[in-house]
Amino acid sequence: MEVKTILLTMSLMLSASTVSAQNSLAVHQQDGQVTVFSFTEKPVVTYSDNELVLTTRKTAVQYPLYKLKKLTFDTAWDDPSRIEEQIVNAKFRFQGNAIVVTGCKPGAQLMVFDLKGKKTCQLRTDDKGCATISLNGLRKQVYVMKTDHCSFKFRKP
């Protein structure tokens, strides 16, 4: 038990200088404490029994899960006002033994994955943002289609 306390104290001391660090992982506890780990220290999160175990190049820390509130990431987004709204007009419909995609950006990449994550198909939209994806050769199961701006699940009929 003492080892856990010592390690936690060490990590808080190491993290105090990086509380506002970008590109970091923050551990938020129920009591309001926040500990920040810079990505340069290569934090690795694992779970053991009822504890979150966080290891870096410099330290290892164990947190009882019931004391944790959340984990967050800060990934160098300095100005949230720069986020641009993107309107997606993509439409998908079955036509025979194919899916017809319209309303995408010209040259957009389309990929189809099975539920195990294996890519089963990949193509690009034409100069009008359209594509037809043949379902021939695909088994009757659920797939995920991913575009530059959206993704959706479908079941091969």
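The values are calculated or read from the model by the stated rules, or taken from the named source; none is laboratory data. What you see is a predicted model, and the numbers here were worked out from it, not measured in a lab. All Cβ positions, even for glycine, are placed from backbone atoms using ideal geometry, and neighbour counts span all protein chains on display. Areas reflect the complete protein model, heavy atoms only, side chains present, ligands, DNA and RNA absent. Shrake-Rupley method; radii C 1.70, N 1.55, O 1.52, S 1.80 Å.
How do 149, 28 rank by accessible surface area computed with a 1.4 Å probe, from largest to smallest? List each step's numbers first, then the result.
On the way: 149 75, 28 35 Å².
I get 149, 28, largest accessible area first.
Add +1 for every Lys or Arg and -1 for every Asp or Glu among the other residues with Cβ under 13 Å from the Cβ of residue 105, and state the total. Mind dumping the intermediate values first?
Values: positive: 124, 128; negative: 126, 127, 148.
Overall, the nearby charge balance is -1.
Tell me, what is the FRET efficiency for residue 65 and residue 44 to the nearest 0.05, using R0 = 22 angstrom and their Cβ-Cβ distance as r? Mind showing how you got there, number by number?
Numbers: r = 17 Å, r/R0 = 0.77.
FRET efficiency, residue 65 to residue 44: 0.85.
In nm², what is the average projected area of the convex hull enclosing the Cα atoms of region 38-78? Don't skip to the answer; put the middle values down first.
Numbers: hull surface 13.7 nm².
With every direction weighted equally, the projected area is 3.4 nm².
First check a/c for region 112-157, with a ≥ b ≥ c the square roots of the eigenvalues of its C-alpha gyration tensor; if it is under 1.5, answer rounded, and if not, answer prolate when a/b is larger than b/c or oblate otherwise.
Prolate is the answer for region 112-157, as a/c is 1.5 or above and a/b outweighs b/c.
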